[in-house]
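The values are calculated or read from the model by the stated rules, or taken from the named source; none is laboratory data. For clarity, every value in this text was computed on a predicted model and none was experimentally measured. All Cβ positions, glycine included, derive from the backbone under ideal geometry; neighbour counts span all protein chains shown. Remember, those area values only see protein heavy atoms, side chains included, never the ligands or the DNA or RNA. Shrake-Rupley method; radii C 1.70, N 1.55, O 1.52, S 1.80 Å.
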Amino acid sequence: MGYVDEVLEQVKVKNAAEPEFIQAVTEVLNSIRPVVDANEEKYRKEAILERIVEPDRQIKFRVPWVDDKGQAHVNIGYRVQYNNAIGPYKGGLRLHPSVYLGIIKFLGFEQIFKNSLTGLPIGGGKGGSDFDPKGKSDREVMAFCQSFMSELYKYIGADEDVPAGDIGTGAREIGYMFGMYKKLNGTYEGVLTGKGLSYGGSLARTEATGYGLLYITDALLKDHGDSLNGKTIVVSGAGNVAIYAIQKAQQLGGKVVTCSDSTGWIYDPEGIDVALLKEVKEVKRARLTEYAAARKSAEYHEGKGVWTIKCDVALPCATQNELDIDDAKTLVSNGVKVVAEGANMPTTLEATEYLQKNNIFFLPGKASNAGGVATSALEMSQNSERLSWTFEEVDGKLKGIMENIYKNISEAAKKYGREGDYVCGANIAGFEKVAEAMLAQGIC
Ligand code: NDP
Ligand code: 2IT
């Protein structure tokens, strides 16, 4: 058995109850085979693959908090510090009832390669909790965040591990967590990113993941003699990534006709009204039914359905495995040209393979959603030099980083005879830098 297959087999046996983690490792290891085959002896001797699939450490803790009626609750908190070969651990905190160790491990593992692709000095990590912020008052969210940080603060720091937002964690939650860290640790440091602008946040971080997704999609289309202008685009999700993806897609001349949340989806043939969507989701924290109620051209449908709408470009921006093989078949038969992932691992392995076999341009999340964490790293730079850059400066750097990622993943795929396979290109380009740093630093 080859080295990749041996390690994959061990991962499957050791983590049998964590399907999302196995899925992420399977995708990465299968696609880096050309590099591993070319370096097999060296990598085997140094156990590079065994070391990269095993987190440096996994922290799991109890998070007790009290609701507005005086009732105590207990949630589970996690931080997985995966790999710090190229920089301090960096990655978001997910607050969602579906969170368990396997979700945090898959996200942390992906983050290693994503962060490497940004070209910035950040290692991979992820955390979160099974706490559900939906329907909670601000006070209840604060109580949870303070309790969460009263344990997490022991393990993080500006040069050690720098968490940020993810599903369910936005500016409000980061603010409560930052306040508690500062109080407990007694330092004012860039320990979290995605902070408010009045206390060390970076301009353009809020927009960065969605904007970055469109910058790289635009770079891909331009490389193939096309552009976003006049394209019909379907987006899933209605959160941070989706909202700013829709906004930038419209600025670049595309027409976005859908969005969704966990209960239903909107079809708006006249194009999504971003100002209204922001009001419903960011201000009122309401359901998409309120969007439909306020807009004549919009239809609301219960359940899942955005992939049934005919489009040129599909941007999954909600959650893992939201685009399956049946969705991929529908998209292909409707003439889709590009699928670019805004979420982490939104496309199943089977669906990815089907899209690639049908010559659809497919950009994997670790490349196409890297703009968020890249801008977090720019926030860290600004915090270190105690300065803040203008929106144009940060946005310009973000665009340059996304164009560079596109170039690097294209070239890596070509170098190993897999031209146009951006999954392969992203995993190889991300892996090579981390492996080189691990080899240089010895077995530790
Ligand atoms: P938000 O919490 O802001 O929004 C998430 C959106 O996805 C909401 O519309 C939510 O609906 C929907 N959603 C979440 N879970 C499910 C589910 N199980 N089924 C259906 N819909 C669901 O999160 P973000 O926009 O920040 O994150 C979206 C994705 O992008 C995630 O995969 C995240 O890991 C990834 N990502 C985020 C980055 C960031 O900077 N924020 C950076 C890179 C990747 P509802 O409101 O009903 O729950
Ligand atoms: O998945 C991701 O890259 C994020 N949630 C953002 C992480 C970060 O540190 O900004």
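Kirkwood radius for the chain, taken over all pairs of different Cα atoms as the inverse mean of 1/r, rounds to 22.0 Å. Taking label points 7 Å from Cα along the Cα-to-Cβ direction, Ile443 and Asp326 give a separation of 4.9 nm.
Taking the empirical scaling 2.2 N^0.38 Å for compact globular proteins as reference, region 238-294 has a Cα radius of gyration ratio of 1.01. Taking a Cβ cut-off of under 11 Å around Glu18, the surrounding Lys, Arg, Asp and Glu residues balance to a net charge of +2, with basic ones at +1 and acidic ones at -1.
Can you give the Kirkwood hydrodynamic radius for region 121-175, in Å, rounded to one decimal and based on Cα pairs? Mind dumping the intermediate values first?
Values: mean 1/r = 0.0812 Å⁻¹.
That comes to 12.3 Å for region 121-175.
Expressed to the nearest 5 percent, the antiparallel share of DSSP beta bridges inside the chain is 55 percent.
Give me Rg over Rh for region 347-444, both radii from the alpha carbons and Rh done the Kirkwood way, two decimal places.
Ratio of gyration radius to Kirkwood radius for region 347-444: 1.06.
Taken along its principal axes, the alpha carbon cloud of region 182-234 reaches lengths of 54, 18, 16 Å, longest axis first.
For the chain, the solvent-accessible area works out to 40 Å² per residue, with a probe of 1.4 Å and every protein chain left in place.
Determine the share of the chain's accessible area contributed by carbon and sulfur atoms, expressed in whole percent, with a 1.4 angstrom probe.
Working: 8600 of 17570 Å².
Here it works out to 49 percent.
Using only the Cα atoms, work out Rg/Rh for region 12-109, with Rh taken as the Kirkwood radius, to two decimals.
Numbers: Rg = 17.2 Å, Rh = 15.7 Å.
Reported Rg/Rh (Cα atoms, Kirkwood Rh): 1.09.
Mean projected area of the Cα convex hull of region 252-410, taken over all directions, amounts to 10.9 nm². Checked against a 26 Å cut-off, the cross-linked pairs Lys281/Lys407; Lys397/Lys433; Lys255/Lys296; Lys90/Lys182; Lys182/Lys399; Lys222/Lys415 give Cα-Cα distances beyond that limit for Lys281/Lys407; Lys182/Lys399.
So if a site counts as exposed when it's one of the GluC sites (Glu not before Pro), its DSSP state isn't H, G, I, E or B, and it has at most 11 other Cβ atoms within 10 Å, what's the longest stretch of the chain without one?
On the way: sites that count: Glu270, Glu385.
Maximal segment without exposed cleavage sites: 1-269.
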